[in-house]
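For reference, the structure discussed in these notes is given below.
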Amino acid sequence: MGMDYSRAADWIVAENTFDPEHLGKCESVMCQGNGYLCLRNATDEFNPGEQRDLFVAGTFNKFDDNEVTELPNAADISRLDLRLDGVRFSLLTGKVESYDRALHLKNGETVRRVVWAAPNGKRYQLVFSRFVSMERLHLIAQKLSVTPLDGAMTLDIAGGINGQMNNGGSQHFSEGDKRLFEGRHMQYIQTTGQSNIDFVFNTTFSFAMDGVPQEEKGFIVMDRRIIKQEYQVAIPAGKTLTVQKLSTVYTSRDRDSEGLDLAALQNKALAGQEEACALGYDALLAESAKAWAAKVWDNVPVTIHAADPFDQLAIRFAQYHLYVMTPAHDNRMNVGAKGLSGEGYKGHTFWDTEMFVLPYFIYSAPEIARSLEEYRWLSLPGAHKKAAGNHYEGAQFPWESAWIDDGEVTPVWGAADIVTGLPTKIWSGFIEQHITADVAYGAWEYYQATGDQDFMDRCGYELILDTGKFWASRLEEGQDGKLHINDVVGPDEYKEHVDDNAFTNYMAAWNIRKALEYSRMLKASRPDLYQALDTKLGLTALEPQWEDKLSRIYLPQPREDLVIPQDRTYLTLKDIDLTKYKNQQNVGSIYRDYNQEQITHMQVSKQADILIMFLLLEDEFSAEVKRANWSYYEPRTLHDSSLSLSTHCILANDMGNRDLAYSLFRSAAAIDVGPNMKTSDAGIHAGSLAGIWQSVVFGFGGVRMLDGKLRIDPALPDAWTGLDFFLHWHGQKLHVTLTHQAAEIQNLTATAPVTFTVRGTEYHVQDTIRVEL
Ligand code: IFM
């Protein structure tokens with residue numbers, strides 16, 4: 001009951017019971033999109049407790065001064081109200097004789113098959129299909145087949161465009177024109193209140209009986225924020241009526257609609273709608289499936305050879321969502337922590353991009369990675385604003401970001417504090433500052449793996465230098481003559497207002513070191529570029545500062561037992577028995593017993609902190625130090641952030657503990673797609689899904705970029721007999737095929753040799769190399 005993995009080998013994740021108590025799970029995990037828009041998979045018919053969301057990437061709006069900007073929940077086009085022989089279709093009444101909803105990862109279609117007996121006993125078969133086109137970014141297609149199982153029937157169907165949607169009560173839109181074109185295309189306009197973005201929706205019904213197109217006359221209804229059509233159709237016994245509802249969404253934020261006035265945008269949208277209607281559901285699905293294949297499944301598939309098909313399903317599921325959530329079409333947009341799948345985190349972008357999502361695209365689709373980093377470069381004005389507002393220099397990136405010039409958008413107040421009864425203050429927007437170094441690291445990682453000099457010249461050097469400038473101004477002189485970073489939140493968000501968080505300090509030092517290195521290199525070999533950046537950032541004055549500060553920044557060192565203090569006080573805090581929380585069913589259970597203030601004063605961590613530093617700065621720490629810190633911190637880590645498990649999985653593999661790594665992989669892989677029905681209500685976990693790919697490729701595949709060099713040190717789990725995947729490296733596409741015995745690396749581009757190491761030996765591949773392990 002619940003999630004069904006029996007068709008995993010056929011690329012299908014399914015649910016086999018209608019579960020009205022857990023609607024959020026499949027709404028999120030079966031959401032459909034293409035990076036431009038995303039539709040949550042709320043059922044066509046209304047259910048109490050549903051969360052029906054449609055988001056268009058980048059269309060942020062701030063409802064009022066008391067709220068932060070968020071992705072507005074646009075008008076709904078998915079709901080269908082059905083009456084079967086006059087009885088309202090609802091799975092909460094009558095009897096559900098059979099039920100199955102399947103997400104087909106290969107083509108992005110969901111198909112829900114229901115046999116329903118109405119309360120009066122009459123039975124019907126309904127098949128609801130739906131997809132968002134990967135080929136046409138604006139298109140959403142629905143299809144419904146209705147077959148009466150006990151004689152002829154009458155179907156009443158009503159649907160259209162509903163602008164009464166909101167985000168937790170905040171209505172982001174004013175209502176514009178409503179119109180019916182040619183008696184069939186319904187059009188609805190809405191405009192965001194503060195950001196003034198026009199949305200143009202079109203939707204059109206069409207009908208066929210046993211495949212033969214049928215003209216049906218609808219009755220048009222226009223109500224407050226609603227346009228819909230109502231149809232009544234007689235279905236003879238033994239016949240099947242198929243209803244198609246094709247919809248499109250365009251907005252004035254679309255790059256290719258810049259400069260168009262509303263009337264022109266409406267015309268453009270209507271033309272797009274007519275073109276889609278001329279093709280129809282099946283042809284549109286076929287072209288979308290082709291686009292999925294070209295982009296992902298034939299291009300960068302990851303294949304896991306294992307007896308249990310769940311692992312293969314999990315990595316495909318992760319790849320599916322990575323393309324659903326990523327606005328690859330527009331470098332003014334980035335990936336939300338919940339993708340585009342729910343209202344959680346308001347569509348905002350976090351460090352999750354650089355630490356988790358970006359590496360996937362660096363190695364799988366470098367042009368998308370570049371777009372994500374260009375977003376950071378385009379966001380520099382907001383980062384300057386934030387730094388200046390805090391009396392720092394340079395670029396201080398927002399902890400949460402939205403539109404490129406918004407700057408910091410982290411909400412200030414969060415969940416209830418169980419002790420004070422007040423909302424808990426969210427300090428991340430003020431003092432979770434490591435994000436600035438994480439952004440610089442992302443730009444550097446992209447450059448190291450791609451060699452994209454054009455990006456570096458336009459954006460990358462500036463990002464690294466400007467963030468280096470921030471850190472130099474952020475360091476605080478201590479009485480010990482060292483430079484400290486006081487009063488921060490590190491990656492472990494269970495510790496607030498800490499001094500010298502190791503991750504933050506090491507990453508800040510890394511950032512300054514890179515800035516100094518690049519500044520010197522540019523001065524020596526790229527005088528024109530240096531000149532331009534010097535004028536912008538003041539490099540001449542910064543260089544001696546960076547040099548001095550780098551020599552004095554305080555970097556917490558391993559103690560005698562090799563444990564590095566996570567921050568100045570962590571190791572002195574009281575230990576409590578964490579068994580209950582380590583065995584919890586649902587994350588965050590510690591907040592049922594303690595408030596944030598109390599948790600801050602215990603040796604308990606939310607997520608990987610020092611351990612993620614070991615992945616980023618791998619060469620700076622010995623294997624013994626890594627092991628000692630794992631042994632100290634992991635037992636104190638509750639993995640209450642979905643980002644935690646994949647980091648632990650990769651490190652466990654690095655430490656040679658393959659069984660532990662595999663069990664952590666299974667837990668990480670299950671976060672969204674797994675059987676727990678409560679994991680994903682507010683949306684899927686973008687970083688964690690990318691973390692599944694990292695666990696496979698960086699973990700078991702042993703792939704790493706170490707100071708610009710490619711390393712492939714595989715160690716497959718016993719449960720797998722083989723693994724193969726693709727990697728882009730400096731313009732060459734590699735096909736990596738791994739077994740327990742050997743690694744075969746084929747250079748598919750073959751226009752230049754690629755150098756890499758396996759188990760410490762260097763190889764160069766321009767065609768194919770096989771390395772015995
Ligand atoms: O960025 C993360 C953070 O590390 C933990 N809390 C959730 C955020 C968004 O995923």
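Summary table below
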{"read-out": "Scope segment 615-663; condition assigned to a helix (DSSP H, G or I) and within 16 Å of the ligand (Cβ to nearest atom); matching residues", "value": "LEU615, LEU616, TYR633, SER644, LEU645, SER646, THR647, HIS648"}
{"read-out": "Tally, over segment 492-514, of residues that are surrounded by fewer than 21 Cβ atoms within 10 Å (Cβ to Cβ) and either over 22 Å from GLN545 (Cα atoms) or touching a strand residue (DSSP E or B) at 6+ places or on another chain (Cβ under 7 Å) (or both)", "value": "3"}
{"read-out": "Total residues in segment 314-337, condition within 15 Å of the ligand (Cβ to nearest atom), assigned to a helix (DSSP H, G or I) and in contact with a Pro (Cβ under 9 Å, 6 or more places away or on another chain)", "value": "0"}
{"read-out": "So SER680, is it hydroxyl-bearing (Ser, Thr, Tyr), within 16 Å of the ligand (Cβ to nearest atom), open to solvent by less than 50 Å² (accessible area, probe 1.4 Å) and at pLDDT 95 or above", "value": "yes"}
{"read-out": "Filter result for TYR506 (within 16 Å of the ligand (Cβ to nearest atom) and either assigned to a loop (DSSP other than H, G, I, E, B) or in contact (Cβ under 8 Å) with a residue 60 or more places away in the chain (or both))", "value": "no"}
{"read-out": "Within segment 35-90, considering residues that are under 23 Å from the mean Cα position of the chain (by Cα) and free of Cβ contacts under 8 Å to residues at least 60 places away in the same chain, the one least open to solvent (accessible area, probe 1.4 Å)", "value": "ALA42"}
{"read-out": "Filter result (within 30 Å of HIS329 (Cα to Cα) and in contact with a helix residue (DSSP H, G or I) (Cβ under 6 Å, 6 or more places away or on another chain)) within segment 14-37", "value": "VAL29, GLY33"}
{"read-out": "Tabulated pairs, segment 716-739, first free of Cβ contacts under 8 Å to residues at least 24 places away in the same chain, second crowded, with 16+ Cβ neighbours inside 10 Å and not acidic (Asp, Glu), C-beta under 7 angstrom, 6+ apart or interchain", "value": "GLN732/ASN747; GLN732/VAL754; LYS733/PHE726; HIS735/PHE726; HIS735/GLN746"}
{"read-out": "Residue within segment 562-583 that is away from the ligand (no atom under 16 Å from the Cβ), acidic (Asp, Glu), in contact (Cβ under 8 Å) with a residue 40 or more places away in the chain and open to solvent by 30 Å² or more (accessible area, probe 1.4 Å) present", "value": "yes"}
{"read-out": "Boolean, VAL296 is out of contact with any Gly (no Cβ under 7 Å at 6 or more places or on another chain), within 15 Å of the ligand (Cβ to nearest atom), in contact (Cβ under 8 Å) with a residue 24 or more places away in the chain and not small (Gly, Ala, Ser)", "value": "no"}
{"read-out": "Scan of segment 169-217 for residues that are in contact with an Asp or Glu (Cβ under 6 Å, 6 or more places away or on another chain) and either open to solvent by 50 Å² or more (accessible area, probe 1.4 Å) or within 17 Å of LEU80 (Cβ to Cβ) (or both), ordered by number", "value": "PHE207"}
{"read-out": "Helices (runs of 4 or more DSSP H) fully within segment 338-389 counting 3 or more residues that are within 16 Å of the ligand (Cβ to nearest atom)", "value": "358-364"}
{"read-out": "Segment 531-555 residues that are part of a helix (DSSP H, G or I), paired with ones that are open to solvent by less than 70 Å² (accessible area, probe 1.4 Å) and of a type in the set (Val, Ile, Thr) (beta carbon under 7 Å, 6 or more apart)", "value": "TRP546/ILE512; LYS549/ILE512; LEU550/ILE512"}
{"read-out": "Selection from segment 244-253 of residues that are surrounded by 23 or more Cβ atoms within 10 Å (Cβ to Cβ) and either of a type outside the set (Phe, Trp, Tyr) or under 16 Å from GLY159 (Cα atoms) (or both)", "value": "LYS245, LEU246, SER247, THR248, VAL249, THR251"}
{"read-out": "Residue list for segment 134-182, filter: free of Cβ contacts under 8 Å to residues at least 40 places away in the same chain and among the aliphatic types (A, V, I, L, M)", "value": "LEU149"}
{"read-out": "Residue count for segment 682-704, restricted to those that are in contact with a strand residue (DSSP E or B) (Cβ under 6 Å, 6 or more places away or on another chain) and farther than 14 Å from ASP724 by Cα", "value": "1"}
{"read-out": "Verdict on ASP438 being in contact with a Ser or Thr (Cβ under 6 Å, 6 or more places away or on another chain), touching a residue at least 12 places away in the same chain (Cβ under 8 Å) and within 16 Å of the ligand (Cβ to nearest atom)", "value": "no"}
{"read-out": "Selection from segment 109-163 of residues that are over 24 Å from PRO213 (Cα atoms) and not in a loop (DSSP other than H, G, I, E, B)", "value": "VAL115, TRP116, ALA117, ARG123, ASN162"}
{"read-out": "Answer from ALA237, ALA307 - the residue that is open to solvent by 40 Å² or more (accessible area, probe 1.4 Å), modelled with pLDDT of 95 or more and within 30 Å of PHE700 (Cα to Cα)", "value": "ALA307"}
{"read-out": "Whichever residue in segment 91-103 is more than 27 Å from the chain's Cα centre (by Cα) and in contact (Cβ under 8 Å) with a residue 24 or more places away in the chain and, among such residues, is surrounded by the fewest Cβ atoms within 10 Å (Cβ to Cβ)", "value": "LEU92"}
{"read-out": "Selection count, segment 622-667, where residues are among the polar types (S, T, N, Q) and in contact with a strand residue (DSSP E or B) (Cβ under 7 Å, 6 or more places away or on another chain)", "value": "2"}
{"read-out": "Elements of type helices (runs of 4 or more DSSP H) in segment 397-490, at least 3 residues being open to solvent by 10 Å² or more (accessible area, probe 1.4 Å) and more than 23 Å from LYS606 (Cα to Cα)", "value": "435-450, 461-474"}
{"read-out": "Considering residues of segment 666-677 that are open to solvent by less than 10 Å² (accessible area, probe 1.4 Å) and of a type in the set (A, V, I, L, M, F, W, C) only, the residue nearest to the ligand (Cβ to nearest atom)", "value": "ALA668"}
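Rundown of residues vs (1) closer than 23 Å to ALA307 by Cα; (2) open to solvent by 10 Å² or more (accessible area, probe 1.4 Å), yes/no style:
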{"residue": "GLY687", "(1), (2)": "no, no"}
{"residue": "ILE692", "(1), (2)": "yes, no"}
{"residue": "SER695", "(1), (2)": "yes, no"}
{"residue": "ARG711", "(1), (2)": "no, yes"}
{"residue": "ALA715", "(1), (2)": "yes, yes"}
{"residue": "PHE725", "(1), (2)": "yes, no"}
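The values are calculated or read from the model by the stated rules, or taken from the named source; none is laboratory data. Bear in mind that the values here come from a model prediction, so they are computed numbers and not experimental data. Positions of Cβ are backbone-derived with ideal geometry, glycine not excepted, and every protein chain shown enters the neighbour counts. Heads up: the accessible areas ignore ligands, DNA and RNA and are worked out on the full protein's heavy atoms, side chains in. Shrake-Rupley method; radii C 1.70, N 1.55, O 1.52, S 1.80 Å.
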